[in-house]
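Heads up, the thing below is written out as structure tokens.
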Amino acid sequence: MTMPAYYDFCSRVKTISGENAMEKIPGLLKGLGVRRPMIVTDRGVEAAGLIDTVTEAIDGGLDIGAIYADIPVDSDYRVVDDGAAVYQNNRCDAIIAVGGGSVIDTAKGINILASLGGKSLLGCQGAGTIRRKLNPLAVLPTTSGTGSEMTLVAVIADTERQEKMLFVSHFLLPDLAVLDPRLTRTLPDFLTSQTAMDALAHACESYYCMEKNPVSDALALRAISLISEHLLPAVRNPAETSARLALANASAMAGAAFSNSMVGLVHNLGHVVGAVCHVPHGTCMSILLPYGLEYNTHRREKAIGEILFSLAGPEIYAKTPEKARPDKAVEQIRMLNEDLHNITGGKHPRFLGEIRNKDGTPAVPRSALPEIARKTMADGARLPNPEEILPEDALMVLEHAWAGIHLDRSRIRKGA
Amino acid sequence: MNIDRYPEIRPGKKVFKKAYAFVVLLVVGRGIEAADRVDGEVKDIVRGLPEGFTFSLGVAPSGPWMVIRKEKSGKLRYLGWRRFGKTIELDMAIRNIEAAFRIFTFRESTAQAHNNGRFSVNGNLPNALAIMRIMDIAEIYLLPKIIATLAVKRYPDRRELPPGRKHFNRLRIYLRAFSPGLFRVVYRNL
Amino acid sequence: MQTLEYEFIAHPRILYGDCSLEEIPAELAENDACKPLVIASREAVRRKLGKTLIRAFYDSGCIIGGIYDEVRDYAGISLALNAAQLFRKRGCDAFIALGDRAAADIARAANILVSHKTDTLLPFFNGETPSRRLMPFIFVPTCCTGASAAGRTLFIDNRRLHSDYYFPDVVVTDRRMSLPCSARCAAESAILAMDNALWSIIDDNQSPMKNAFAHAALKLIGDNLSGFLKRPRDGKRALPIANAGVLASIAAANARPGIVRVLGEELEKETSIPAAVFIANLTPAALFCIQKNESPLPGDLLLAAAGMDAYAAVPTEQLGRRGAEAIIEMFESAANEIPEAAISRIPAHLLAEACNNAASREMVNFGADDAMAVLEMARQEMPWQTHDNGERK
């Protein structure tokens, strides 16, 4: 293990995992002094009946102050302001967030405003605003991918200024993350596959990016093992509780790993493809992940080779010569994508050119690639990537990912 | 208990390291201003910044600093080391003087330092990334290759930056950075 | 297959390596604090580590409220009361513990006293949990920390209190602070860290997060131990080992205490011989007892101690045994630097008392008989190194 000259690691989220994890929420929240939590969720989660499951599980233990389910897919600061007003009007003292990345980020935003006081989140911007513990926040993720339950970031849109407000503080780490397979039981197969590939991308990128450290490495490798072992069973058979719990665990561990080691090329390109072409994040991750490994192999050959150990198991790792391990790891991920494509009846795309809008038109036209490449310079994920990413590099990778062909390594600029 | 046995301690100052950081920031500030007049990529990046955009880079909490603004002419201008009276839209601060000294003695590259959380950034992230790229380019021109390879993630090879162009631009940047304008800005800040 | 029923928390923020000491003022600022009280062990101040800490505050804008350096080996409530009084009179807003376990425990206790505005810990001894809003607490371990100071236990006046709120908020491992003071200190630190990591992995709670911390710790020790024991003051080796101590203590805080650790501590009480000496001698015996009872040892041990290539080359059924061998080898190399425990010379009644006391400790999952079996095994001449047929493994 190469020890970095410096690293910092923080993941102070109490994690509760198990088939009855939700039943532990009342006791743990009471230990945090909570009496009257507000449940924050979205209409989709509510319609899937998950809020009933949650309230049943915590029934009697806590007095639910309010259920705020008005979080749209494109949540923004006004939703946060609205949610905080509901929180204050109902004299709540904690938040239980039930949902995916958007719900969790909005809940973090509501918690900032509700804890620090004020009428609007706009007044809470700026470095150093959050300098004390916020009110307790419990997160119940309903997808196994974003890892938001373990991150210290909240991204809230400001639609008027067309900007994203970024809040970063260790006080934004939730107090509790509850991993219970009942929360992901309604997730369709193609969403299970895409979100899990998002978690795999978090784990792999955290293992080779510039902030890698011994703790994030250990978490990442375990997350990769869990995903490679349980993803296909969970997609094939959503009723398989243990597989879904394993994916929830993998997602949380990958979240803790990447929250500390950060992510690189895959997220750099993926964020922009998502923003420009409105492609789901998980789809971008699953397509771009092999390219992230290929692009960085010359800088991180050993680390990327080690990913193979968790991805394919010790037997294949031992059989593969050291030099060939990075390529084998890439091949394993491509095979996984291919399998997921077949199992989901083609709903899990394998390359950018294959993604279709609802009306059947290409979601990522080839003509959009130069614009995407240019915009990657404005995304923070380019910094932790081991190899420099300039627009020409991004375009080269995007062209390969669009066509679904292996990266031509001779075109990677390696510097003097 | 006699609490006077455990006196309050007011830590001192690291004068040499602050002076060194001051000089480096002055050179980098002038170098960035010069690079904007010489290098095509820097010009492109600056074009994307809003007019009047002012940013500062320095060492928290008590400096030294450098302040640069995009003028009406569309060019960057190094305004010196005083932040008072200026509206700073992007504030990039190295968290302590010891970390700044590591970065400015090239023991830690700018990218690694950012990844190590040595910088605290207050302002718009895309603009911060643009400034970091400009700083990388300025470092490639200002520093000899052996040192610049420690400071940047990828030192451009011959195809990316032909030697002729590199050396010609380097000369122009040095001449501009240490032109009489330097004395003018120093005088204005005194 | 792994069971995924668990609770896990790793509260401390870990700062490791170059310039991490200088991060403390910014860390305090993020917690809205600017005037810490430093609680330091006498030994740390004697080694001028207090001055190094002060230098890290140069140009930071922070004032140090004082350096309370009365802490020796024992953490008692009177010291905590004095520290709390100093904290209040100086108007401090954070604690920094500099030194070993006792310094950290005094800081924890004083933190409760000032945060709860009280002069007694009695309610907490009687089961009251501390408030969520304690003052920021930064721990800078030096050497001889006992390898569990970064955990969730407050050990004061020989009583143990457990709570997630006793975790330090930040643990700083810096080359200027965390190098061992002697070869023996180095060996003891490594032994205690290995013990924490080992029993965290063996623990019946198989949380993958806890195992990741323990794995990282064992791997750091495996990679650096031999070089570290040869040159204990070489920062390149010593600092990862110190870091492993922090990670292992976080893992151990999420697991039941291991039989060897508890027994070692109880024997220390009876004989005044440091627990690490017993741990080094008892661990091989304890691992042999586990194997003798046909309980499978997790393959993770081999993976962590010897790495992926060694793990991948071993057949599945041998993973546990080979892992135990790798671990025993590590313990033995560290044990060479410290005196032998000579368990056979300790009077039988003291051994029995230690076993009974160990079995009656909180959260343990073994009985006095199990502890005695480990001691009996340790008395025999290295039985763990031979197969039943006498062959060396």
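The values are calculated or read from the model by the stated rules, or taken from the named source; none is laboratory data. Owing to the predicted nature of the structure, the values given are computational and were not obtained by experimental measurement. Heads up, the Cβs are rebuilt from the backbone with ideal geometry, glycines too, and the neighbour counts pull from every protein chain shown. Side chains included, ligands, DNA and RNA excluded: accessible areas come from the protein's heavy atoms. Shrake-Rupley method; radii C 1.70, N 1.55, O 1.52, S 1.80 Å.
A few notes on this one:
- Rounded to the nearest whole Hz, the Karplus-based 3J(HN,Hα) values (6.51 cos²θ - 1.76 cosθ + 1.60, θ = phi - 60°) of the stretch A:285-296 follow the sequence 4, 5, 6, 8, 4, x, 5, x, 5, 5, 5, 9, with x at glycine and proline.
- Among the GluC sites (Glu not before Pro) in the stretch C:262-320, those placed in a DSSP loop whose Cβ has at most 13 other Cβ atoms within 10 Å are C:294.
- Cβ-derived FRET efficiency at R0 51 Å, residue A:371 paired with residue B:4, nearest 0.05: 0.15
- Taken about its Cα centre, the stretch A:189-411 carries a charge dipole of roughly 120 debye when the Cβ of each Lys and Arg holds +1 and the Cβ of each Asp and Glu holds -1.
- Delta accessible area of at least 10 Å² on complex formation, residues of the stretch B:82-106, 1.4 Å probe, chain isolated as reference: B:95, B:96, B:97, B:98, B:102
- Under 20 Å between alpha carbons - lysine pairs in chain C that sit 8 or more apart or on different chains: 8
- Protection proxy ranking of A:287-294, A:402-409, B:53-60, by the mean of other Cβ atoms within 10 Å over each peptide's residues and highest first, is A:287-294, B:53-60, A:402-409.
- Shielded by partner chains, the stretch C:6-45 residues - at least 50 Å² of accessible area, 1.4 Å probe, vs chain alone: C:6, C:7, C:11, C:13, C:14, C:16, C:18, C:19, C:22, C:23, C:30
- Note on C:60-66: average number of Cβ atoms from other chains within 10 Å of each residue's Cβ is 5.
- Cα gyration tensor, the stretch C:76-158 - rounded (a/c under 1.5), prolate or oblate: oblate
- Total accessible surface hidden between B and C, rounded to 100 Å², 1.4 Å probe: 2300 Å²
- Contact-buried residues of the stretch B:1-50, at a threshold of 20 Å² lost accessible area versus the chain by itself: B:1, B:3, B:5, B:6, B:8, B:9, B:10, B:11, B:12, B:13, B:14 (1.4 Å probe; DNA, RNA and ligands ignored).
- Taking the square roots of 5 times each eigenvalue of the Cα gyration tensor of the stretch A:104-213, largest first, gives ellipsoid semi-axes of 26, 17, 15 Å.
- Here chain A has an Rg and Dmax of 20.8, 66 Å, counting Cα atoms alone.
- For the stretch C:13-173, the alpha carbon convex hull comes to 98 Å³ per residue, rounded to a whole number.
- Expressed as a whole percent, the accessible area of chain C that falls on carbon and sulfur atoms is 48 (1.4 Å probe).
- Estimated at the nearest 10 Å², the accessible area of residue C:142 is 10 Å² with a 1.4 Å probe.
- Largest accessible area first, the listed residues C:288, B:16 line up as B:16, C:288 when surface is computed with a 1.4 Å probe on the assembled protein chains.
- Farthest positive-ward along the protein assembly as shown dipole, Cα basis, beta-carbon charges - from A:10, C:129, B:137: B:137
- Computed with a 1.4 Å probe over protein heavy atoms only, the accessible surface of the protein assembly as shown comes to 37 Å² per residue.
- Cβ-placed point charges (K, R +1; D, E -1), dipole of the protein assembly as shown about Cα centre in debye, nearest 20: 4820 debye
- In this label model, residue C:129 and residue C:348 are separated by 4.6 nm, measuring between points 7 Å along each Cα→Cβ vector.
- Note: the stretch C:1-60, Cα convex hull, 169 Å³ per residue.
- Averaged over the residues of B:119-130, the number of partner chain Cβ atoms lying within 10 Å of the residue Cβ comes to 4.
- Neighbouring partner chain Cβ atoms per residue of A:13-19, average, 10 Å criterion: 6
- Selection of trypsin sites (Lys or Arg not before Pro), the stretch A:157-228, meeting DSSP coil and at most 12 other Cβ within 10 Å: A:161
- Taking every alpha-carbon pair under 8 Å whose residues sit at least 6 apart, chain B reaches a relative contact order of 23 percent.
- Portion, in percent, of the accessible area of chain A that falls on carbon or sulfur, probe 1.4 Å: 51 percent
- Inter-part distance, the stretch C:1-30 to the stretch B:136-187, computed on C-alpha centroids, equals 39 Å.
- Buried surface between chains A and B: roughly 2200 Å² of accessible area, summed over both sides, computed with a 1.4 Å probe on protein heavy atoms only.
- Interchain or long-range residues, amide H under 5 Å from residue C:10's placed H: A:13
- Within straight-line cross-link reach of residue A:358, lysines at Cα separation under 20 Å, skipping those fewer than 8 residues along the same chain: A:347
- Rolling a 1.4 angstrom probe over the stretch B:24-160 with all protein chains present gives an accessible area of which 53% lies on carbon and sulfur atoms.
- Compared with the dominant Cα axis of chain A, that is its longest principal axis, helix A:101-116 is turned about 40°.
- Cα gyration tensor shape for the stretch A:195-339, rounded if a/c is under 1.5, else prolate or oblate: rounded
- Mean residue ellipticity at 222 nm, helices only, chain C: -16000 deg cm²/dmol; runs of at least 4 DSSP H residues each add -39,500 (n - 2.57), and the sum is divided by the number of residues.
- Extension reserve of the residue A:392-residue A:166 stretch, reckoned as 0.36 nm per residue once the Cα distance is removed: 78.6 nm
- Annotation for residue C:72 and residue A:276: the two label points, set 7 Å from Cα along the Cα-Cβ direction, are 7.0 nm apart.
- All lysines inside 22 Å of residue B:153 as judged from Cα atoms, apart from same-chain residues fewer than 8 positions distant: A:212, A:302, A:375, A:414, B:43, B:145, B:166
- For residue B:175 and residue C:365, the FRET efficiency from 1/(1 + (r/R0)^6), where r spans their Cβ atoms and R0 equals 51 Å, is about 0.10.
- Amide N of the stretch C:29-46 lying under 19 Å from the label point, which is placed 7 angstrom from the Cα of residue C:176 along Cα→Cβ: C:29, C:35-46
- Assuming charge only on the beta carbon of Lys and Arg (+1) and of Asp and Glu (-1), the dipole of the stretch B:101-190 about its Cα centre is about 260 debye to the nearest 20.
- Highest average first, the peptides C:77-86, A:60-69, C:219-228 ordered by how many other beta carbon atoms sit within 10 Å of their residues are C:219-228, C:77-86, A:60-69.
- Between the residues B:100, B:127, B:87, the greatest Cα displacement towards the positive end of the dipole of the stretch B:15-179, with unit charges on the Cβ of Lys, Arg, Asp and Glu, is found for B:100.
- Other-chain or far-sequence residues with amide H under 5 Å of residue A:364's (modelled H): A:355
- Computed from the C-beta positions of residue B:71 and residue A:78, the FRET efficiency with R₀ = 35 Å rounds to 0.45.
- Prolate/oblate/rounded label for the stretch C:185-287 (Cα gyration tensor, a/c 1.5): oblate
- For chain A, relative contact order (Cα pairs under 8 Å, six or more residues apart, normalised by length) works out to 14 percent.
- Residue-by-residue Karplus 3J(HN,Hα) for the stretch B:42-47, coefficients 6.51, -1.76, 1.60, Hz, glycine and proline x: 4, 4, 4, 5, 5, 4
- Couplings 3J(HN,Hα) for the stretch A:140-151, derived from phi with the Karplus relation 6.51 cos²θ - 1.76 cosθ + 1.60 (θ = phi - 60°), are 10, x, 9, 10, 10, x, 5, x, 4, 5, 10, 10 Hz, where x marks Gly and Pro.
- Chain pair A, C: total accessible area buried, heavy atoms, 1.4 Å probe, Å²: 4300 Å²
- Partners for residue B:86 among aspartates and glutamates (Cα-Cα distance below 16 Å; same-chain residues under 8 apart left out): B:51, B:71
- Here the stretch C:220-283 and the stretch C:297-318 have alpha carbon centers that stand 21 Å from each other.
- Relative contact order for chain C, counting Cα pairs under 8 Å that sit 6 or more residues apart, in percent: 15 percent
- Centre-to-centre separation between the Cα atoms of the stretch A:157-177 and those of the stretch A:17-78: 20 Å.
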